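First comes the structure, then the notes that go with it.
The values are calculated or read from the model by the stated rules, or taken from the named source; none is laboratory data. Keep in mind that this is a model prediction, so the values were computed, not measured. All Cβ positions, even for glycine, are placed from backbone atoms using ideal geometry, and neighbour counts span all protein chains on display. Quick note on the areas: whole protein, heavy atoms, side chains included, nothing else; ligands and nucleic acids left out. Shrake-Rupley method; radii C 1.70, N 1.55, O 1.52, S 1.80 Å.
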Amino acid sequence: METLIQQVVNGLVIGSVYALIALGYTMVYGILGLINFAHGDVLMVGALTALQTMLFLMGVAPGMSPVVMLTIALMVAIPVCMMIGFTMERLAYRRLRNAPRLAPLITAIGMSFLLQTLAMILWGRNYHTFPQLISTTPMQPIEGVFVTPVQIFIVVASALIMIGLTLLVNKTRMGRAMRATAENHRVASLMGVDTNAVIAFTFVIGAALAAVAGVMYASNYGIAHYGMGFMPGLKAFTAAVLGGIGNMGGAMLGGILLGLVESLGAGYIEHLTFGFLNSSYQDIFAFIILGLVLIFKPTGLLGERVSDRA
Amino acid sequence: MPTKPASPLLQLLNLQVSYGGIQAVKGVDLELFKGELVCLIGANGAGKTTTLNAIAGVLPLAGGEIRYNDVKINAIPAHKRLRQGIALVPEGRGIFTRLTVEENLRMGAYSRRDQDGIEADLEKVYTMLPRVKERLAQVAGTLSGGEQQMVAIGRALLSRPKLLLLDEPSMGLAPLVVEKIFEVVQSVAKEGVTILLVEQNANLALEFSQRGYVMESGKITLTGSGNELLADPKVREAYLGEVA
Ligand SMILES: Nc1ncnc2c1ncn2[C@@H]1O[C@H](COP(=O)(O)OP(=O)(O)OP(=O)(O)O)[C@@H](O)[C@H]1O
Ligand SMILES: [Mg+2]
């Protein structure tokens, strides 16, 4: 029983991070029909920028409170990632709006390599210890179940961000313009919407989410390096497909579900395979899910259509 | 008929539009004066939709000039043309099917900031289109074709257009609904909005319009007052289904 609750807690934590990343994938897909495979690498840049900022602050102001330091690190990482998102769209994807679908996809993969290579040049190939500014000392709310403050921070912050994003998209003028543009660029422009600006805005928001997710991810595992974006990126993509790509509620649901499946799977995989596999194989669950969804329900749990936009 | 002011509100000079090298509009000249209701008729594929899309700014020109209020607007993007008063109700209505009816209408007022004016205009649209008002919270994709057309027109009106371009508002609709839509178009025209109406239903369009243009294979072949065109044997044969 403790194992079950513990794995649910862990699943919610990592699932929240997947959900934040998946939102970036799904929003960009919703508006452009583009899978931005460089999205995971934006997360990596976010984490490493935050790391760099923290190291700098520790050097110049060693006595600074951890919460202030984390806040400043985020305040640096978020705009840096926003700029990367903006630049990617402006320089690469915008030129390919009307190109055959393969072209932007290949470009996205190229962007991913580019960001990783730049990060490798800047930060080297080593794994860096990521300062865990929020306490990782476990508390025991229930006998045998451990929760750390950083986990609570991740879940609460993700929930707040998702609520804010939902309000932005459903209740504001910009949100309406985003949904209108997602449905039909041409008609949106006939309504006076500067669709280029709306698309750029979508990229920038997605990148900001990735920056936050990157800091959460690195804080959770205590590690950062130039290739760290690949796995969470792939998993969040799986989460977005699971929920129904293009659908924001789906991305949130898919992220949390994937986190739970993965975590529960990791907790029980040894029993299930009679000791043949252990929890270090937890990554396989994401890919089993991706395979199953693509075979049996390609529209995902909440997606209503996969049709190409004309 | 109102006396024509010196310069037209909209002027197409040798307008040319191509799709990947194939010319769809091959040098169209057309002018529209303030307050007029003018129709553009022609067979399938004549280039009517292409012409309207070019005026609204969602298609680039291959040549020629679009002048609005005596200013060349060729290079102005669609979203800015709307702000200058050019609204297009596109062929096939272009409803945002996943937005609610109210959100669709409000999209029309997207570039306006005068909240009070927007609310007042919404009320006006509701009075004009009572069926729409009953369905404000409904997702627009669930509306009937006629209702969607009403929403599309209402939405365009919410931008407070000076020039309204209508692309086959009667397409696929039952005669009673078509009649209702033409009543709406006429009342909009009465308020002083200049209208360029593209129609397959030439009979109806010419009856309602002060002037008309006939388009064939990308060119204007005939123009005149509504009544002249209605009486023209060529028009009667080609578009009104009569044997000359
Ligand atoms: N997106 C496009 N790509 C290529 N050719 C096009 C495109 N849209 C229209 N055409 C071609 O341009 C010509 C004019 O088309 P257009 O849609 O303007 O005609 P229309 O007069 O509006 O016809 P209808 O009454 O059927 O709506 C046609 O020959 C059509 O095949
Ligand atoms: Mg047409």
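Brief remarks follow.
- The per residue volume of the convex hull around the alpha-carbon atoms of the stretch B:104-190 is 99 Å³.
- Derived value for the stretch B:160-217: Kirkwood hydrodynamic radius 12.0 Å. Basis is the mean of 1/r over every pair of different alpha-carbon atoms.
- Percentage relative contact order, chain A, counting C-alpha pairs under 8 Å, at least six apart: 35
- Probe 1.4 Å - accessible area at A:GLU2, Å² to nearest ten: 90
- Ordered from longest to shortest, the equivalent ellipsoid semi-axes for the stretch A:70-153 are 37, 17, 14 Å, each the square root of 5 times a Cα gyration tensor eigenvalue.
- Whichever lysines have a C-alpha closer than 25 Å to that of B:LYS162, once near sequence neighbours (fewer than 8 apart) are set aside: B:LYS4, B:LYS34, B:LYS48, B:LYS72, B:LYS80, B:LYS124, B:LYS133, B:LYS180, B:LYS190
- Placing one equal scatterer on every Cα of the stretch B:113-244 and applying the Debye formula, the log10 ratio I(q)/I(0) at q = 0.13 Å⁻¹ is -0.62.
- A:HIS185 exposes around 50 Å² of accessible area when a 1.4 Å probe is run over every protein chain in place.
- Residues of the stretch B:90-104 that lose at least 40 Å² of accessible area (1.4 Å probe, protein heavy atoms only) when the other protein chains are present, relative to their chain alone, are B:PHE96, B:ARG98, B:LEU99, B:GLU103.
- Ranking by accessible area, most exposed first, for A:PHE37, A:PHE276 with a 1.4 Å probe: A:PHE276, A:PHE37
- Proportion of all alpha-carbon pairs of the stretch B:6-53 beyond 17 Å (%): 38
- A 1.4 Å probe over all protein chains sorts A:MET111, A:MET191, B:MET171 by accessible area into B:MET171, A:MET111, A:MET191, starting with the largest.
- Prolate/oblate/rounded call for the stretch B:72-149, Cα gyration tensor, a/c under 1.5 rounded: oblate
- CD proxy at 222 nm, helix term only [per DSSP H run n ≥ 4: -39500 (n - 2.57); per residue of the protein assembly as shown; nearest 500]: -18000 deg cm²/dmol
- Here the stretch A:75-116 was treated as a single set of alpha-carbon atoms; its pair distances binned every 10 Å from 0 give 27, 50, 19, 3 percent.
- In the stretch A:193-215, the residues that give up 10 Å² or more of accessible area when the other protein chains are added, compared with the chain on its own (1.4 Å probe), are A:VAL193, A:ASP194.
- Accessible area of the protein assembly as shown divided out per residue, in Å², using a probe of 1.4 angstrom: 44
- For the protein assembly as shown, the equivalent ellipsoid derived from the alpha-carbon gyration tensor has semi-axes of 56, 23, 21 Å in decreasing order.
- With Cα atoms, 0 to 90° folded angle of helix B:145-157 axis to chain B main axis: 90
- Kirkwood-type hydrodynamic radius, the stretch A:45-90: 11.0 Å, calculated from all non-identical alpha-carbon pairs.
- Buried accessible area, chains B and A (both chains, 1.4 Å probe, Å² to nearest 100): 2100
- DSSP bridge orientation in the protein assembly as shown - percent antiparallel, rounded to nearest 5: 60
- At least 27 Å along the helix axis (C-alpha) and Kyte average at least 0.0, DSSP helices within chain A: A:2-32, A:39-60, A:66-87, A:102-123, A:149-171, A:195-221, A:248-272
- Above 27 Å, the calculated P(r) of the stretch A:109-237 contains 40 percent of its Cα-Cα pairs.
- Net dipole in debye of the protein assembly as shown [+1 Lys, Arg Cβ; -1 Asp, Glu Cβ; about Cα centre; nearest 20]: 900
- Peptides A:174-181, B:56-63, ordered by how many other C-beta atoms sit within 10 Å of their residues on average, highest first, read A:174-181, B:56-63.
- Taking the alpha carbon gyration tensor of the stretch B:1-154, multiplying each eigenvalue by 5 and rooting it gives semi-axes of 30, 19, 15 Å, largest first.
- Cβ neighbours within 10 Å from other chains - mean over A:180-189: 6
- Within the accessible surface of chain B, defined with a 1.4 Å probe on protein heavy atoms only, the carbon and sulfur portion equals 51 percent.
- Potential lengthening between B:GLU183 and B:GLU228 on full extension [0.36 nm per residue; Cα-Cα distance subtracted]: 14.0 nm
- Two numbers describe the Cα atoms of chain A: Rg and Dmax, which are 19.4, 62 Å.
- Taking all C-alpha pairs of the stretch A:1-133, those more than 19 Å from each other amount to 60 percent.
- Across all Cα pairs in the stretch A:179-259, the calculated P(r) in 5 Å bins from zero up to the longest distance comes to 3, 13, 17, 20, 18, 13, 8, 5, 2, 1 percent per bin.
- Under conditions of 25 °C and 0.890 mPa s, the stretch B:30-99 yields 181 µm² s⁻¹ as its translational diffusion coefficient, taking Rh as the Kirkwood radius over Cα pairs in the Stokes-Einstein equation.
- Near-label residues of the stretch A:1-25 by backbone N, under 19 Å of a point 7 Å along Cα→Cβ of A:ILE152: A:5-17
- Taking 0.36 nm per residue of separation and subtracting the current Cα-Cα distance, fully stretching the chain between B:GLU207 and B:GLN115 would add 29.4 nm.
- Taking the inverse of the mean 1/r over every pair of distinct Cα atoms in the stretch A:20-59 gives a Kirkwood hydrodynamic radius of 11.4 Å.
- Remark: relative contact order (the stretch B:1-104) = 28 percent; criterion is Cα-Cα distance under 8 angstrom and separation of 6 or more residues.
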